[in-house]
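Computed from the coordinates by the stated procedures, all read-outs in this text should not be read as laboratory data. All values derive from a computational prediction rather than experimental measurement. Here the Cβ positions follow ideal geometry from the backbone for every residue, glycine too, while neighbour counts run over all protein chains shown.
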Ligand SMILES: [Zn+2]
């Protein structure tokens with residue numbers, strides 16, 4: 001029968017053997033777990049910029065750094081809106097006698113799209129450009145009578161019809177408020193007025209949406 005001290009020594013030897021065999025493996029596992037926790041913390045908690053710097057310094061995780069969203073430092077400048085080139089003022093101070101949209105033709109032609117607004121005005125009174133731009137039409141134009149058309153850029157144009165006299169020529173640069181014509185009743189017209197149109201990419205739109213009160 002073995003003595004108590006022999007049993008004790010045998011158990012002690014087994015314990016030492018187990019410890020020396022398994023300890024490095026356990027320490028390695030612990031290190032791996034600790035390292036993953038630190039990496040996870042860096043990804044989740046630190047700001048993107050700092051994390052990317054950390055990642056750049058550490059060659060071990062370049063893929064993580066590449067996938068991190070890095071916000072742009074400077075926002076892209078937006079194109080400035082030139083208000084002088086936006087039609088906003090009235091071409092003539094008068095009463096609107098016909099609005100934009102479908103109407104019964106005053107000439108008995110059934111329903112027609114009235115592409116602008118009619119502003120009743122005094123014969124020979126000055127008509128103003130509603131924005132800066134280039135005169136692209138200045139002359140007689142069928143039902144429009146003596147017409148002025150101004151290109152304001154960005155696809156926006158304005159038209160002024162039925163003038164008695166024109167004050168600008170094609171190709172001329174004009175300023176907002178500048179006199180471009182004198183009111184009349186030329187073309188298809190029932191009395192002295194300004195037929196005023198605003199076109200966006202050559203499509204007539206309601207000028208009232210552009211006119212400041
Ligand atoms: Zn009209």
Problem set entry | Residue list for region 157-213, filter: touching a helix residue (DSSP H, G or I) at 6+ places or on another chain (Cβ under 7 Å), farther than 22 Å from residue 81 by Cβ and assigned to a loop (DSSP other than H, G, I, E, B) | 187, 188
Problem set entry | region 116-134, residues that are more than 14 Å from residue 87 (Cβ to Cβ), more than 13 Å from the ligand (Cβ to nearest atom) and touching a strand residue (DSSP E or B) at 6+ places or on another chain (Cβ under 9 Å) | 123, 124, 125, 126
For this session: Name the one entry in 187, 153, 142 that is touching a residue at least 40 places away in the same chain (Cβ under 8 Å), more than 16 Å from the ligand (Cβ to nearest atom) and at positive phi.
Result: 153
Exercise. Restricting attention to region 102-115, and to residues there that are within 11 Å of the ligand (Cβ to nearest atom) and in a strand (DSSP E or B), which single residue is nearest to residue 208 (Cα to Cα)?
Worked result: 114
Seminar exercise, completed: All conditions in (1) buried (at least 16 other Cβ atoms within 10 Å of the Cβ); (2) more than 13 Å from the ligand (Cβ to nearest atom) are true of residue 177 except (1)
Seminar exercise, completed: Flagged in region 138-156 as assigned to a strand (DSSP E or B) and surrounded by fewer than 18 Cβ atoms within 10 Å (Cβ to Cβ), in numbering order, are 139, 140, 151, 153
